[in-house]
Structure formats: C-alpha cells, structure tokens
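Here's the structure we're looking at; comments come further down.
Computed from the coordinates by the stated procedures, all read-outs in this text should not be read as laboratory data. These figures come from a predicted structure and were not determined experimentally.
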Amino acid sequence: MSLATLKSRWKFTQKIGQGGFGEIYCVYDNEKKEKVAIKMERIDRKKRALALEISVLRKIQDSPFAAKFISCGRNSEHNYLVMELLGDNLSTLKKKQPLQRFSLGTTIKLGLQMISSIEDAHEAGYLHRDIKPSNFALRLDHNIKTRNNISLESCCIIDFGLARKYLDSEGKHREPREEAGFRGTPRYASLNSHLGKELSRRDDLWSLFYVFIEFLKGKLPWSFVREKEKIFELKSLHTNVGLCKNLPKELTVMFNYLSSLNYEDCPDYKYLKSLLIEMYRQYGYNEKTKYDWEIIDESLNSLRSSSSSKVDSTIALTGTTKGQNRVVKKQIIGNHSKDHDREVKNLNDLIYPNLKKNTPRNSNNNPNKDNNNDYQDFIVHFKQNNDIETESEINEFEKMMKMINAEDNTDTTSQLYIDNHKCLCNIL
Ligand SMILES: Nc1ncnc2c1ncn2[C@@H]1O[C@H](COP(=O)(O)OP(=O)(O)OP(=O)(O)O)[C@@H](O)[C@H]1O
C-alpha cells in the first residue's frame, strides 16, 4: 500500500513508533483538520493483535485515560486503527530527564493516573498484560472530553495487543489454565508470568510496581540483563527490603499488599492510590507540583533567554537519544565549565528537591556501610557514563550479576548498585 494517503482522508506525515505488533504513524486527518495517529498491522502477520486492541480501546472510551478512538478498517495489505495523536511515551520521557529518572512528585502524579487507567481496563473486563513505561503516553490536547463530558487526564494507557478477558460471559472470573505461558515484557513481567501461570488483575499491578521502582531509581536491578531466565532469578531474589531500600516506606507496604493478593482477588485500587497520596503529602507535594519536564522546560527557557552561550549545556541537559547522549557526554567532558556544573546542580535541586543530595561516593568508602546515597551514587555515575550500550559493556554487567548471585548477595539492592557502580568504573 502506498503510505501517502489512506482512504483519501489520512495523509501520512511521519512514522512515530515501531512495536512488535505494528507501526504507528502520525497522519493529517483531512476531515477533522488535525493530526491523528494510525497503527498499522500487516494482514499477513501470523499473530494478529490489532482487532483485539481495537475492541478493548472501544470498550474503554469512557475512561479519561484512554486515547480517543477515531476509526478503524482494513485494506488489501493492512488492518489499521486511527486514534488520537499522543505525545511522548513515559519511557522516552524518562530518558530525557537529566538523571534518567523521575522525581517522587512526578512518579506519584503519573502513578495515580496509571493505577486508575489499569482499574478502568479491569472494569471493562480486560487485563492489559504488558504494563511498561512505553505503554503509557502523554496527551497532547487537553481540551477534549469523554462521551460523559469528563475531562481527559494527561496520561493515557496504550497498546492492548496482549490484553485478555478475565471474566466469562456471566461476569465470573475465568478459571486459570494449567500452563498459560509467558506474557509481557521480561523487565516488568510479574513472577507469575515468568512461571507461566495464568495472569490476573494483580499481575498488571506487579508490573506497575516495578515501573514505579524504575521511575524512582532510574534502573531496576535486572535492567542490564537480557535473558528472561536471569531476570527471573534476580526478580525472585529481590524482596521488598532490597527493592524498596531508600525509598518511602509506602512502597514496601505496596509490595507486601500485592504479595497478599490471590489469583481472583479484586485489587483495592483506592488503597494503592491512598499509599501514593500519603507519600505526596509527606514529602510536601501538592496539586501545584509540576511534572519534571515542565520544570526543565521552564528552566531551559530562562537559560535560553539569559544567555546564548549556554546553549551547549541546554543540549546536555535534555539529551534525548543515545546518539545525542554521546554528544552530550563529549560536551560535558570537553566543555566542563563551572557554569555548566552550577546549571546541572540548580536543575537537579529544582526537580529532586525532596530527595537526598547526590554526594559522589568516595571509592575508598566501605561498600558495606549503610549509606542512603547508594542508589543515588549509582544513578549519578550511570548518568555520567550513560553510553554503556556496547555488547562488551553489557556482558561485563552480566558477569557481575552472576558473581553477585554466586555470592548470595540476595536482598541488597544497594549492594547491587555499589557493585554496578564499581563495574562501571572498571569499564571506563
Ligand atoms: N496514539 C498514539 N500517539 C502517539 N504515539 C503513539 C500512539 N500509539 C502508540 N504510539 C507510540 O508508538 C509506540 C509503540 O506503540 P504500541 O505499543 O501500541 O505498539 P506495539 O507494536 O504494540 O509495541 P510493543 O511491541 O512495544 O508492545 C508507543 O510506545 C508510543 O510511543
């Protein structure tokens, strides 16, 4: 099919996403006179997922967390879904942050919406089964409303290609299959999924819990591991103590609550949100708290207007892609000015005001010392060296993970971070 226009209504402008199930394009809608998104799936694909995705998306149109459904259809080569055009997904956004993580305030603001969006999908009778940062995207147009005239929220849940109905025709919970097989994305999948068990509502929330930890810490302890089996090993070893170390206690409570849920249990979404709200309150955030990227945009605008000589550091702070990150690193090293240091520090203070300061760890420090800055150190160092992406660098990490496993350093996330940090230093 020519990707020029579809049904003489949608004019293709650019490709904006590529997933395992299809390609997403930004198109101009001649009828609505605005840009929209089209997800295309080749009809000769063995595994078709778009029909299911369309069906779920239509069922959750009353949710303020769903992308607006516009149209769907089929031509000689593709099935397609036309929907509201959204902005960056949360994985992309996270990578754009100076420390490649979100502040507690932003994590909570997003978290509340993410829990509600999952709740809405569950209420419609579906499990998402692939909860991960790239399956949430920010809304660009804040003026649209649902059919019930409810204002739409800023964070949308997307990609129902792996969804599954968990209720039968009588509205009763379906019985688990003996062997359901792995579903989802290894980094965020629940232990049940690794074990091939039938997933239920609790498993979407387990994935969301891992997302929260990743948002706050920047990485999960298994972020550098690719093999599903090794990820499973590491995930099984990390108890609440290890994963939630140095994070607000509500996350440990959340871990314990999720652990207590049985297969058919309806999660208490309200309770989960109340834990986030409690953190919000305790750490001094309020409705006026801005998202990290809003703070960055404001700061960058004022930097831009204050001096054109600071453009280099502006690029350094926004570092969007891996390629650009290399450039950024060069700029930081090659152009290491006091001004730049001050700008980075000011920006970090603005975005992460309630977390401990990033004091770089002295290499002579005793790694066993219980230091609240352990994970911060790792993130800072990872950030400074964030072009770890070659085969050999990743292999180094995997070797290190093996070593840690062999030593039975089970439950100590911060130890992992220290060792990650040491490993990083060795690599560089
Ligand atoms: N409506 C939309 N507007 C803007 N971007 C979108 C939209 N839908 C999806 N995208 C972008 O395209 C990416 C891939 O989309 P999606 O997850 O639906 O595809 P997929 O083939 O199911 O992907 P995966 O294999 O990663 O699960 C998303 O992460 C998002 O960045």
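Kirkwood-type hydrodynamic radius, the range 1-157: 16.5 Å, calculated from all non-identical alpha-carbon pairs.
Report Rg/Rh for the range 252-299, rounded to two decimals, where Rg is the Cα radius of gyration and Rh the Kirkwood radius. Checking Rg against Rh, the ratio lands at 1.17.
Alpha-carbon geometry of the range 5-84: the Rg and the Dmax are 12.2, 35 Å, given in that order.
Beyond 27 Å, what percent of the Cα pairs of the range 88-282 remain? Percentage above 27 Å: 27. Across the range 204-217, computed HN-Hα scalar couplings (Karplus, 6.51 cos²θ - 1.76 cosθ + 1.60, θ = phi - 60°) run 4, 6, 4, 4, 5, 4, 4, 4, 4, 4, 5, 4, 7, 8 Hz from first to last residue, x flagging Gly and Pro.
Residues whose amide H comes within less than 5 Å of that of Tyr263, counting only those at least five positions distant or on another chain, are absent (H built at 1.01 Å from N in the peptide plane). Computed over all pairs of different Cα atoms, the Kirkwood value for the hydrodynamic radius of the range 61-136 is 14.5 Å. With only Cα atoms counted, the range 169-240 has Rg and Dmax values of 13.4, 44 Å. With Cα atoms defining each centre, the range 51-105 and the range 190-259 are spaced 24 Å apart in the structure.
Couplings 3J(HN,Hα) of the range 225-235, computed from phi: 9, 9, 5, 4, 5, 5, 4, 4, 4, 5, 4 Hz, in residue order, whole Hz [Karplus 6.51 cos²θ - 1.76 cosθ + 1.60, θ = phi - 60°; x for Gly and Pro].
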